[in-house]
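These notes are about the structure you will find just below.
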Amino acid sequence: MNQRKRVLALAIGFALMGTGGAAIAHVTSSSTLCSQGKTHQWVPSGKGWGVQACRKPQATSALASSAAVPTGNGINYNGGPVMLGTKDVYFIWYGNWSGNTASTILTNLAQNLGGSPYFNINTTYTDGSGNPIQNAIAYSGSTTDNYSFGTQLSDANVASVVSNAISSGALPNDPNGVYFVMTSPDVNETSGFCTQYCGWHNNTTVGSSNIKYAFVGDPATQCASSCEPQQNQTTSPNQNPGADAMASIFSHELEEATTDPDGNAWYDSQGMENADKCAWHFGASAGNTYTTADGATANMNLGGRDYLIQQNWVNAAGGYCALSLSSSAPPPSGGGYGGYGGYGGYGGYGG
Ligand SMILES: [Zn+2]
């Protein structure tokens, strides 16, 4: 078993069992009593595992029973907002990216992900009234940050990088935006980059706006074995294994920010969000991967470039991981996908 699988299995164990020591470190209030009317529930941490929090139990059951909201697909609506319309993507290139092709590779992805069969999977998710999320992304700009907090970033530092980019006017204050802090290979995120996660998403308030943002680190020199797909650690679709890994991590965080921007909309009973349920599954067993000219593994071409992007959870037909949802046909219904209902193959394969 390769190292990447081992590290992933660790993270997955935390998520499924909720008993891992490292995961507990993030549960700041698990030992406290909930106030009256609330119970401990698994909710998303935004980092790929669930944490316990006090929430009103009726919020889940009452809203999930609304006829307008999809149910029975292994992921549940919890009452919070989703990003229905066009998602505006902003990049903040933190650190030293000179001579690195990452911005070319990832900007092309951000420009072509919207409208794709892949991102169309997110249209199976709705708000509380049953309005579906739209398959629309607008790459809306970028800025740079020259190590304003050095090479060791805390979670709070990442939030400050975003708020400072907005407050300085480098990027607009956009409540329909998702701001990605992309850190260069020499930068560490000290709450667990490489050991507990490869990226995460969250939300904060800047001015009077609810700002959605994410951290995506370049694992090239720090943790290829834990944050790059095992197939592409030597040769990758765009000849940049770190950036090609970031392509999948970016996609993961964007689809979670879309369906669960504030951590209170779509997640499962373990606090896993849509992309968490399919992390590191690339569709190889379904024959969805192919070999690029330079010998790397990819599973989709967007804007003329090949990428290896993880599957996402389809919120229909009982729920399953997939790489695409046809935009010309409604999602399958009935029992045809019943075999995926018990999907539990985490850690069983790496591709
Ligand atoms: Zn996630």
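Any read-out appearing in this document is the output of simple, stated calculations on the displayed coordinates, not a laboratory observation. Bear in mind that the values here come from a model prediction, so they are computed numbers and not experimental data. For neighbour counting, all protein chains shown are included, and Cβ atoms are generated from backbone atoms with ideal geometry for every residue, glycine included.
Count, please, the residues in region 281-327 that happen to be of a type outside the set (Val, Ile, Thr) and farther than 30 Å from Gly72 by Cβ.
Count: 14.
Condition check: buried (at least 18 other Cβ atoms within 10 Å of the Cβ) and within 12 Å of the ligand (Cβ to nearest atom). Does Asp306 satisfy that?
no
Could you list, in sequence order, all residues of region 255-278 that are within 11 Å of the ligand (Cβ to nearest atom), within 21 Å of Asn135 (Cα to Cα), assigned to a loop (DSSP other than H, G, I, E, B) and touching a helix residue (DSSP H, G or I) at 6+ places or on another chain (Cβ under 7 Å)?
Passing the criteria: Glu273, Asn274.
Against the condition within 12 Å of the ligand (Cβ to nearest atom) and on the phi < 0 side of the Ramachandran plot, how does Glu228 come out, does it pass?
Answer is no for this residue.
Regarding Ala296, is this residue under 17 Å from the mean Cα position of the chain (by Cα) and surrounded by 21 or more Cβ atoms within 10 Å (Cβ to Cβ)?
no
What strands (runs of 3 or more DSSP E), lying completely within region 42-146, carry at least 2 residues that are in contact with a helix residue (DSSP H, G or I) (Cβ under 8 Å, 6 or more places away or on another chain) and of a type in the set (Phe, Trp, Tyr)?
Ranges flagged: 87-94.
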